[in-house]
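**Student:** Can you keep this structure in mind? I'll have questions shortly.
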Amino acid sequence: MRALEVTTFGTPDVLRLLDRPDPEPRSGAVRVRMHATVVNPVDSWIRRGTMAHRTPNLSFPFTLGFDIAGTVLDDAHGFTAGQRVIGLYPWLVEGTGKGANAEIVHADPRWLAPLPPSLEWAVAATVPLNSLTARQSLDLLGGAAGETVLVTGASGAVGSFAAQLAAAEGAKVVAVASADDEAYVSALGVQHVLPRDEPRRLVEAVRKIAPNGVDRAFDAALVGAPLLGAVRDGGGFLSAVEAVAPASERGITVTGVHAKPNTTQLTDLVRRVAAGELTTRIADVLPIEHGAEAHRRLEAGGLRGKLVLTY
């Protein structure tokens, strides 16, 4: 099989596509032949070494990749050979460096969910990490229908899922969109769309909509502490990256999220994507041979949608 490996910490040039032996069946695991995966910001952070403290026992070379979209190779653990599945590979928790950037991966059956036949591989690959991060973030934030929820980064994958889910559950969503993305974000079912701006002006714009502050804020864009000014006293604030959640103030409950595999949640989320109830978007689809290019494009910014790698 081919595997896109990180040979040392550094720029995208440290990525190499190499031939490796096919992994043999293993007790307690399901072998999945990959068809597509996504290059996420966290892949870039790991490749550059900025998260090395999270995996002190990791050795080179290793493979990245959180999103699984492929077919099961063997009858195992309730799955059948040829079955279409998606899943979230908990890369940082596993710490083995055997991620989804390989043609065949071992997956814990608890990471996987059935993939509806109507969904294309590239679309399916955009669902696991991003939708589960959004789902679990909203669950941590709590709240009730009718409350006002601010979502930054609503143009992005995690933020757009969060905005859609919150709106579907009856929240009044104030969404922050990147330039020229207002129409896309407006179509997600939100009540208000604000342009991305420097934090002080953004907080002022939110306070014009919710003078006492929003009830909850989901910070997918990682604005951080300045965004707390948009939240009411005693409200809730959640950062899409647990490590950068700001300190609390004015009785605001502040937390962060680290998405975990959840078959029940993922089954529901991918069903809703297949049914057209949730929208996801793709910037481009590239073969695994162009993995380094995908990393460069991700770091250059300006993407509208996810970069998908196919096998």
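**Student:** Suppose only helical runs count, i.e. DSSP H with n ≥ 4. What mean residue ellipticity at 222 nm does that imply for the chain under -39500 (n - 2.57) per run, divided by all residues and rounded to the nearest 500 deg cm²/dmol? Walk me through the numbers before you get to the answer.
**Tutor:** Numbers: 9 runs with 81 residues, N = 311.
That comes out to -7500 deg cm²/dmol.
**Student:** Now for a separate question. Working out 0.36 nm times the residue gap between Ala179 and Gln191, then minus their Cα-Cα distance, what length gain in nm do you get to one decimal?
**Tutor:** On the way: separation 12, 0.36 × 12 = 4.32 nm, distance 1.79 nm.
In short, 2.5 nm is gained.
**Student:** Under the rule of at least 5 residues apart or a separate chain, name every residue whose amide H is placed under 5 Å from the amide H of Ile282.
**Tutor:** Lys306
**Student:** Right, another one. Springs between alpha-carbon pairs under 10 angstrom, Gaussian network model over the chain: which of Thr280, Thr264, Thr133 fluctuates most?
**Tutor:** Result: Thr264 has the largest fluctuation of those listed.
**Student:** Rounded to a whole number, what is D in µm²/s for the chain from Stokes-Einstein with the Kirkwood radius over alpha-carbon pairs (4 °C, 1.567 mPa s)? The partial results should precede the final answer.
**Tutor:** Details: Rh = 19.8 Å.
Using the Kirkwood radius from Cα pairs, D works out to 65 µm²/s.
**Student:** Could I ask something else about it? Please list 234-241, 67-74 highest first by mean number of surrounding beta-carbon atoms within 10 Å per residue.
**Tutor:** On the way: 234-241: 22.0, 67-74: 23.5.
Listed from highest to lowest mean packing, they are 67-74, 234-241.
**Student:** What FRET efficiency comes out for the pair Asp75/Arg271, r = Cβ-Cβ distance, R0 = 22 Å, nearest 0.05? Let's see the in-between values first.
**Tutor:** Details: r = 24 Å, r/R0 = 1.08.
Result of the calculation: an efficiency of 0.40.
**Student:** Return the distance in nm (one decimal) between the two label points of a simple spin-label model at Ser59 and Glu242, each offset 7 Å from Cα along Cα→Cβ.
**Tutor:** Computed distance between label sites Ser59 and Glu242 equals 2.7 nm.
**Student:** Report ³J(HN,Hα) in whole Hz for each residue of the range 256-267, in order, from the Karplus equation J = 6.51 cos²θ - 1.76 cosθ + 1.60 where θ = phi - 60°; Gly and Pro get x.
**Tutor:** Coupling constants for the range 256-267: x, 10, 10, 4, 10, x, 8, 4, 4, 5, 5, 4 Hz.
**Student:** Right, here's the next one. What distance in nm lies between label points placed 7 Å from Cα along the C-beta direction at Ala300 and Glu204?
**Tutor:** 3.5
**Student:** Which of Ile209, Ile104, Ile282 ends up with the largest GNM mean-square fluctuation for the chain, with Cα atoms connected below 10 Å?
**Tutor:** Greatest mean-square fluctuation among the candidates belongs to Ile209.
**Student:** Next question, about the same structure. Please list the non-local residues whose amide H lies under 5 Å from the amide H of Tyr89, H modeled 1.01 Å from N, same-chain partners needing a gap of 5 or more.
**Tutor:** Asp67, Ile68
**Student:** Would you kindly derive the ³J(HN,Hα) couplings of the range 3-15 from the backbone phi angles with the Karplus curve 6.51 cos²θ - 1.76 cosθ + 1.60 (θ = phi - 60°), listing them in order in whole Hz, with x for Gly and Pro?
**Tutor:** 9, 8, 10, 8, 8, 6, 5, x, 6, x, 5, 7, 7
**Student:** While we're looking at this one, here's another question. Of Val214, Gln265, Leu58, which is farthest towards the positive pole of the chain's charge dipole, taken about the Cα centre with +1 and -1 on the beta-carbons of Lys, Arg and Asp, Glu respectively?
**Tutor:** Val214
**Student:** Give me the percent of DSSP beta bridges within the chain that run antiparallel, rounded to the nearest 5. Kindly include the intermediate steps, with their values, before the conclusion.
**Tutor:** On the way: 29 of 56 bridges.
Here the antiparallel bridges make up roughly 50 percent for the chain.
**Student:** First check a/c for the range 130-256, with a ≥ b ≥ c the square roots of the eigenvalues of its C-alpha gyration tensor; if it is under 1.5, answer rounded, and if not, answer prolate when a/b is larger than b/c or oblate otherwise.
**Tutor:** Details: a/c = 1.29, a/b = 1.15, b/c = 1.12.
Judged from the Cα gyration tensor, the range 130-256 comes out rounded (a/c under 1.5).
**Student:** Can you work out the FRET efficiency for the pair Thr264 and Arg26, with r the C-beta to C-beta distance and R0 = 22 Å, to the nearest 0.05? All intermediate terms of the calculation are to be shown ahead of the outcome.
**Tutor:** Values: r = 25 Å, r/R0 = 1.11.
E(calc), rounded to 0.05, equals 0.35.
**Student:** How many Lys pairs in the chain lie less than 30 angstrom apart by Cα atoms, where the lysines are 8 or more positions apart or on different chains? Intermediate values should be presented prior to the final figure.
**Tutor:** Values: Lys98/Lys260; Lys98/Lys306; Lys172/Lys208; Lys172/Lys260; Lys172/Lys306; Lys260/Lys306.
Close lysine pairs under the 30 Å cut-off: 6.
**Student:** Amide H neighbours of Ala217 under 5 Å, counting only residues 5+ apart in sequence or on other chains, H built in-plane at 1.01 Å?
**Tutor:** Here Leu150, Gly236, Phe237, Leu238 satisfy the definition.
Every number here is computed from the coordinates shown, using simple stated rules; none is lab data. Note that the coordinates shown come from a computational prediction; the quantities given were computed from them, not determined experimentally. Don't worry about glycine lacking a Cβ; one is built from the backbone with ideal geometry, like all the others, and counts go over all protein chains shown.
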